[in-house]
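The values are calculated or read from the model by the stated rules, or taken from the named source; none is laboratory data. Everything numeric here is computed off the predicted structure, so don't read it as measured data. Virtual Cβ from ideal backbone geometry, glycine too; neighbours counted across all protein chains shown.
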Amino acid sequence: MSENKPLVGIIMGSNSDWPTISQAADILDSFGVPYEAEVVSAHRTPEKMYEYAKSAKARGLKCIIAGAGGAAHLPGMVSALTTLPVLGVPVESKSLKGMDSLLSIVQMPGGVPTATFAIGAAGAKNAGLYATSILALSDESLSDKLDDFRKQQRVKVESMKL
Ligand code: RP5
């Protein structure tokens, strides 16, 4: 994790979410984006969630990646408490393979927007990239790095042989 002042907050409902959500952190590390990461549960630590969301903007965070599984209320509840962009990542659950997580996050009522990414690793990775894109709006060198990242992907696919 970067030692600079965090610009992205990463939260998740349980440490069991970390193997998935750490993939967002890996992306931020690769772009040199400073972040903080901690367990904050909507159901098990509601007061901590409230404090986290209410203080996030004043602490300098620019967006929040929130991952949760099952009855995944964390991203939506955090969205209800801050106007920072909240990027919800549905973690794959044991019983319903993350469909429960996805639907819990995506079906927000109009007026409380919560971005929702794919279930699992792809969602976590894309949330990291999306957070980077938000920061790149006011950071040209980060924007250049994102262009390079897309170029690398293009070159890799163009060189694929069957
Ligand atoms: C949710 O319940 C967490 O986000 C996690 O995905 C799920 C299971 O949590 P544990 O029982 O593994 O702590 O709140």
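Some observations on this one:
- Contacts under 7 angstrom Cβ, first residue in the range 108-127 being more than 17 Å from LEU81 (Cα to Cα), partner of a type outside the set (A, V, I, L, M, F, W, C) and in a loop (DSSP other than H, G, I, E, B), 6 or more apart: ILE119/GLU92; ILE119/GLY98; GLY120/GLU92; GLY120/GLY98
Yes or no, residue by residue, for (1) within 30 Å of ASP144 (Cα to Cα); (2) modelled with pLDDT under 95; (3) among the basic types (Lys, Arg); (4) touching a helix residue (DSSP H, G or I) at 6+ places or on another chain (Cβ under 6 Å):
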| site | (1), (2), (3), (4) |
| --- | --- |
| SER2 | yes, yes, no, no |
| LYS5 | yes, no, yes, no |
| ILE11 | yes, no, no, no |
| TRP18 | yes, no, no, no |
| SER22 | yes, no, no, no |
| ILE27 | yes, no, no, yes |
| TYR50 | no, no, no, no |
| ALA56 | yes, no, no, no |
| CYS63 | yes, no, no, yes |
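- One residue alone among LYS94, LYS156 is without any contact (Cβ under 8 Å) to a residue 12 or more places away in the chain and closer than 13 Å to GLY69 by Cα, and that residue is LYS94.
- A single member of LEU103, LEU87, LEU96 is within 16 Å of the ligand (Cβ to nearest atom) and buried (at least 21 other Cβ atoms within 10 Å of the Cβ), and it is LEU87.
- Subset of the range 101-140 (residues that are assigned to a helix (DSSP H, G or I) and of a type in the set (Val, Ile, Thr)): ILE105, VAL106, THR132, ILE134
- Scanning the range 39-65 for residues that are under 22 Å from ILE119 (Cβ atoms) and either touching a residue at least 60 places away in the same chain (Cβ under 8 Å) or in contact with a Phe, Trp or Tyr (Cβ under 9 Å, 6 or more places away or on another chain) (or both) yields VAL39, VAL40, CYS63, ILE64, ILE65.
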